[in-house]
Amino acid sequence: MKKRQKEISLHLSFIVGIIVLVGIVSFFRWPTDVTGASVRSTSCVAPTSGMSITADTLLCTGTYSLDRPLQIHGDHILFDCDHAVLSGQGGQGMQIGGQGIIVKDCTISSFNEGVILEPEALVVFEGVRYDNNGQNVVQQ
């Protein structure tokens with residue numbers, strides 16, 4: 001009887017955790033206007049090797065060669081690649097630390113480790129593609 005109660009408690013904890021995660025992701029989405037279209041700044045940035053990202057960022061569409069990883073650190077950050085390709089020749093593509101981070105519409109290609117997640121990282125990946133990496137995502 002106690003074992004069954006413990007199993008039910010674990011299942012409920014898991015379900016509550018999923019609901020909380022979905023709530024976090026939903027809360028930190030780009031706002032929409034009355035037509036449902038995304039509302040965001042139209043300015044984009046071209047990523048550079050070792051670039052530090054600490055706030056919402058929209059990359060310019062294109063292919064970018066990186067010899068040092070992008071550093072994404074902070075909480076509640078939307079990193080939107082807008083279908084950009086981040087390419088390397090080994091090494092690491094991104095290092096991510098923080099909670100409530102969304103990485104969206106990236107292609108991460110030809111790195112030894114595509115993404116390194118620091119121990120505290122809580123990240124949601126949407127539309128991210130991996131191509132020819134030694135390891136795609138590594139949790140430290």
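All of the numbers you see were taken from the coordinates with simple rules; none came from a lab. This is a predicted model, so every value here is computed, not measured. Cβ placement follows ideal geometry from the backbone for every residue including glycine, while neighbour counts extend to all protein chains displayed.
Numbers for the structure displayed
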| item | result |
| --- | --- |
| Amide H contacts of residue 115 (H built 1.01 Å from N, under 5 Å, at least 5 apart or other chain) | 93, 94, 137, 138 |
| For the stretch 77-92, 3J(HN,Hα) per residue [Karplus equation, 6.51 cos²θ - 1.76 cosθ + 1.60, θ = phi - 60°, Hz, x = Gly/Pro] | 10, 9, 10, 9, 7, 6, 6, 6, 10, 9, 10, x, 10, x, x, 10 |
| Computed FRET value (nearest 0.05) for residue 45 with residue 99, which takes r as the C-beta separation and R₀ as 22 Å | 0.45 |
| Residue-by-residue Karplus 3J(HN,Hα) for the stretch 98-114, coefficients 6.51, -1.76, 1.60, Hz, glycine and proline x | x, 10, x, 9, 10, 10, 10, 6, 10, 10, 10, 9, 6, 10, 5, 10, x |
